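Beneath this line is the structure, given in structure tokens, with notes to follow.
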Amino acid sequence: MAVQKSEPKYLKIVNWIKQQIAEEALAVGDRLQSENELSIAFSLSRQTVRQATSILENDGILERRRGSGTYVASTRIVQRAVTMNIAVITTYLDDYLFPRVIRGIDQVLTNNNYSMQLAITYNKVENEMKILEAMLEKGVDGLIVEPTKSGLPNLNAELYKQIKRQGIPCVFIHACYQGLSFPYVAMDDYACGKAAVDYLMEKNHTRVAGIFKADDIQGHLRYAGCAGELKKNKVLLQEDSIVWFTTEDLDSDVVENFEQRILKRLDGCSAVICYNDQIALRVMDLLARNNKSVPEDLSVISFDNSNLATLGPVGLTTFTHPKEELGRVAAENLMKIIHKEQCEMTVKFKPELIERDSVREQ
């Protein structure tokens, strides 16, 4: 006789809340008991309670209000026709990382008989808005989204709340927006920043510059990891050696000023931590044009281990990016949500260093 699997603990709370709503013991707009109260009432951990309420949030049954609590959603779930289409929204689609991320997503969607609707924002908030509106209008069964300018206030928050209210499953990749409780899959960017500093400290570098992206949260986290690890090693963070840049700083009409800022901030440093491989190659080219060499005059370390890492005259020391695996995990989590199965709310890949020749011992 087959052994029957026991019901996951979190389903006890999920089913109880649904029953309370069905019996009108909880009405639209009512505040749910706190996680602590539910934990005591059901003799379950707060983590299990959070898992249950997160599932109901993704289904559009509950909504979390920052600083206030969790409420029965004010808008009922719209009954949507099944389309077997998944929207995948990325900031770019070039030969850097994205094709392999998309490949990982597509493999899972194809295996589950879903088609992919691909859209690109070019890291422009207005583009993201138009794409989300179009996807909502035409109808999709789920979304996988790379947030646009995730380091800035989310101007499309209302559209994402609408997605949640309509019960459309959504998974973020590479980053997530503050204040939204969608699952996400990303590199552990804070750990990456820490690991970069640790490696440079092993090579006796104590005057370290950094170039970080200001309008994406990955840049903030990598900076925070670097700064925290320098402080832990009792090395003073030199603010005048940090360069912050935005998407627009890479435009051709302003890039000269950006490069001059970089040269000024690198002066007196023995190593630089770059936001990604694209920036690292720009820095290496800039140094070459100013009669400086890597790693003799400046060591360079980066993130992503993209195809760019071996294109220059000096191989780039960089942290690898999971690429296809990240896309695969994001799509698998989306499928779990669609099929009402348990999925991890946060998946972070740990840093793995690929050593080449761009960093030398001091």
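How large a share of the accessible area of segment 253-362, in percent, is made up of carbon and sulfur atoms when the probe is 1.4 Å and the other protein chains stay in place?
43
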Sequence-distant or interchain residues sharing an amide H contact under 5 Å with PHE172, placed H: which? VAL145, TYR184, VAL185
At 25 °C and a viscosity of 0.890 mPa s, what translational diffusion coefficient does Stokes-Einstein give for segment 236-362, taking Rh as the Kirkwood radius over Cα pairs? Give it in µm²/s as a whole number. 148
Across ILE40, ILE131, ILE86, the residue with the highest GNM fluctuation in the chain (Cα network, 10 Å cutoff) is ILE40
For the chain, find the longest principal axis of its Cα atoms and tell me its angle to the long axis of helix 9-22, 0 to 90°, nearest 10. 50
By how many degrees, between 0 and 90 and to the nearest 10, does the Cα long axis of helix 46-58 differ from the longest principal axis of the chain? 80
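Past 32 Å, Cα to Cα: identify those pairs from LYS124/LYS203; LYS164/LYS348; LYS12/LYS213; LYS231/LYS348; LYS12/LYS194; LYS138/LYS323, in the order given.
Numbers: LYS124/LYS203 39 Å; LYS164/LYS348 23 Å; LYS12/LYS213 44 Å; LYS231/LYS348 24 Å; LYS12/LYS194 40 Å; LYS138/LYS323 29 Å.
Going by Cα-Cα distance, LYS124/LYS203; LYS12/LYS213; LYS12/LYS194 fall outside the 32 Å limit.
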Taking H as built 1.01 Å from N, whose amide H comes closer than 5 Å to the amide H of GLN117, not counting residues under 5 places away? ILE86, ALA87, VAL88
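Only Lys, Arg, Asp and Glu count, each charged at its Cβ (+1, +1, -1, -1), so figure out the dipole size of segment 236-362 about its Cα centre, rounded to 20 debye.
For segment 236-362, the charge dipole is close to 300 debye.
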Among GLN178, SER150, THR317, which residue has its Cα positioned farthest towards the positive end of the charge dipole of the chain, with +1 placed on the Cβ of Lys and Arg, -1 on the Cβ of Asp and Glu, and the dipole taken about the Cα centre? GLN178
Using the Cα atoms as the points, what is the convex hull volume per residue of segment 39-171 in Å³? 147
When the helices in the chain are scored as -39500 (n - 2.57) per DSSP H run of 4 or longer and the sum is shared across all residues, what 222 nm value do you end up with, to the nearest 500 deg cm²/dmol? -12500 deg cm²/dmol
Could you give the nm distance between label points at LEU93 and GLN342, where each point is 7 Å from its Cα heading toward the beta carbon? 3.6
ASN204 paired with ASN290, simple spin-label distance in nm, labels 7 Å along Cα-to-beta-carbon: 2.5
Could you put ILE61, ILE262 in order of accessible surface area, largest first, with the 1.4 Å probe and the full protein assembly present? ILE61, ILE262
Segment 307-362 and segment 1-66 have their Cα centres apart by a whole-number Å value of 33
Please give me the summed charge of the neighbours of ALA288: other residues whose Cβ is under 13 Å from its Cβ, Lys and Arg +1, Asp and Glu -1. -1
Picking from ASP94, ASP141, ASP188, which is most flexible by a Gaussian network model of the chain using Cα springs under 10 Å? ASP94
Lys and Arg at +1, Asp and Glu at -1: neighbours of ARG31 with Cβ under 12 Å from its Cβ sum to -1
Counting only heavy atoms of protein chains, what accessible area per residue, in Å², does the chain have with a probe of 1.4 Å? 48
Taking r as the C-beta separation of LEU152 and ARG46 and R0 as 30 Å, the FRET efficiency to the nearest 0.05 is 0.45
Keeping all protein chains in place and using 1.4 angstrom, which order do LEU221, LEU109 fall into by accessible surface area, from largest down? LEU221, LEU109
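If the viscosity is 1.306 mPa s and the temperature 10 °C, what Stokes-Einstein diffusion coefficient in µm²/s follows for the chain when Rh is the Kirkwood radius over Cα pairs?
Working: Rh = 22.3 Å.
Calculated translational D: 71 µm²/s.
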By accessible area of protein heavy atoms, probe 1.4 Å, what ranking do GLU133, GLU126 get, highest first? GLU126, GLU133
Which length gain, in nm to one decimal place, applies between LYS231 and LYS12 when the Cα-Cα distance is subtracted from 0.36 nm times their residue separation? 74.3 nm
Filtering trypsin sites (Lys or Arg not before Pro) in segment 286-362 by DSSP loop and by at most 12 other Cβ atoms within 10 Å leaves LYS340
0 to 90° range, to nearest 10: angle between helix 255-266 axis and the chain longest Cα axis: 70
Checking GLY151, GLY315, GLY60 against a Gaussian network model of the chain (alpha-carbon springs below 10 Å), the top fluctuating residue turns out to be GLY315
Cα-centre dipole for the chain with unit charges at Cβ (Lys and Arg positive, Asp and Glu negative), debye to 20: 1020
Mean-position separation - Cα centroids, segment 133-151 and segment 214-252, in angstrom: 29
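The values are calculated or read from the model by the stated rules, or taken from the named source; none is laboratory data. Predicted model, so just to flag it, every value in this text is computed and none were measured. Because the Cβ atoms are built from the backbone with ideal geometry, glycine has one as well, and the counts that use them run over all protein chains shown. All accessible areas refer to the heavy atoms of the entire protein, side chains included, with ligands and DNA or RNA removed. Shrake-Rupley method; radii C 1.70, N 1.55, O 1.52, S 1.80 Å.
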